[in-house]
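The values are calculated or read from the model by the stated rules, or taken from the named source; none is laboratory data. None of the values given here were measured: they were computed from a predicted structure. Cβ atoms come from the backbone with ideal geometry, glycine included; neighbour counts cover every protein chain shown.
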Amino acid sequence: MKKYIASCHCGAVRAEALLPDSIQAQDCNCSMCNKLGFIHVIVPAERFSLLQGKDDITTYTFNTAVAKHTFCKHCGVKAFYTPRSNPNGFSINLRCLETTPPSVTIEAFDGQNWEQHAESLKHLG
């Protein structure tokens, strides 16, 4: 495992995740991820830490309010959030990592039909 930094555009929010050199990420087609271009790297809470910006984050919820969509108050970038599929972990936006692990496989995830497919993400967090 190696430490990787995820940050928002303005740099106010920075987080660290422990990731292996080879990761599998999910490209979700749900209404939120599709509009944001969010590519998921889901990690358990013990492999995630917020380095800075606690007071620079705002949170948005909808539908079941289980997912906590966190955004930088200043630049609006969503570098990570608490996903509904793994509410005890975090999903980091692959596009917000300052460096990318050497091997990344991106798989499609059908978030438009979330209820039928959510179980397939449980093992990640």
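Step by step: first the residues of the range 65-113, then only those that are aromatic (Phe, Trp, Tyr) and in contact with a helix residue (DSSP H, G or I) (Cβ under 7 Å, 6 or more places away or on another chain), then the one that is surrounded by the most Cβ atoms within 10 Å (Cβ to Cβ). Which residue is that? By that ranking, first place goes to Phe90. Condition check for Glu46 on (1) outside any helix (DSSP H, G or I); (2) closer than 14 Å to Ala15 by Cβ; (3) under 15 Å from the mean Cα position of the chain (by Cα): one failure, at (1).
Checking Thr70, Thr59 one by one, the residue that is β-branched (Val, Ile, Thr), farther than 22 Å from Leu19 by Cβ and touching a Lys or Arg at 6+ places or on another chain (Cβ under 9 Å) is Thr59 and no other.
For the range 31-40, the condition holds for at least one residue, the condition being that it is surrounded by 13 or more Cβ atoms within 10 Å (Cβ to Cβ), part of a loop (DSSP other than H, G, I, E, B) and among the aromatic types (Phe, Trp, Tyr). Filtered by the rule that a residue be free of Cβ contacts under 8 Å to residues at least 60 places away in the same chain and part of a loop (DSSP other than H, G, I, E, B), the range 1-30 gives Met1, Gly11.
Considering Asn63, Asn86, the condition of being touching a Gly at 6+ places or on another chain (Cβ under 6 Å) and either in a loop (DSSP other than H, G, I, E, B) or aromatic (Phe, Trp, Tyr) (or both) is satisfied by Asn86 alone. Based on what the data block shows, is Asn63 within 14 Å of Leu124 (Cα to Cα) and over 11 Å from the mean Cα position of the chain (by Cα)? So Asn63 does not fit the description; no.
Any residue at all in the range 98-108 that's of a type in the set (A, V, I, L, M, F, W, C) and modelled with pLDDT under 95? Checking the range 98-108: at least one residue is of a type in the set (A, V, I, L, M, F, W, C) and modelled with pLDDT under 95. Of all residues being out of contact with any Gly (no Cβ under 7 Å at 6 or more places or on another chain) and within 15 Å of Tyr81 (Cα to Cα) in the range 14-26, which is surrounded by the fewest Cβ atoms within 10 Å (Cβ to Cβ)? Just the residue, please. Per the criteria, the residue is Glu16. Only a single item in (1) charged (D, E, K, R); (2) in a helix (DSSP H, G or I); (3) more than 15 Å from Leu124 (Cα to Cα) is not met by Lys78, and it is number (2).
Yes/no matrix, rows are residues, columns are (1) of a type outside the set (S, T, N, Q); (2) touching a strand residue (DSSP E or B) at 6+ places or on another chain (Cβ under 7 Å); (3) in contact (Cβ under 8 Å) with a residue 60 or more places away in the chain:
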| position | (1), (2), (3) |
| --- | --- |
| Ile39 | yes, yes, yes |
| Ile57 | yes, yes, no |
| Cys75 | yes, no, yes |
| Thr82 | no, yes, no |
| Glu119 | yes, no, no |
| Leu124 | yes, yes, yes |
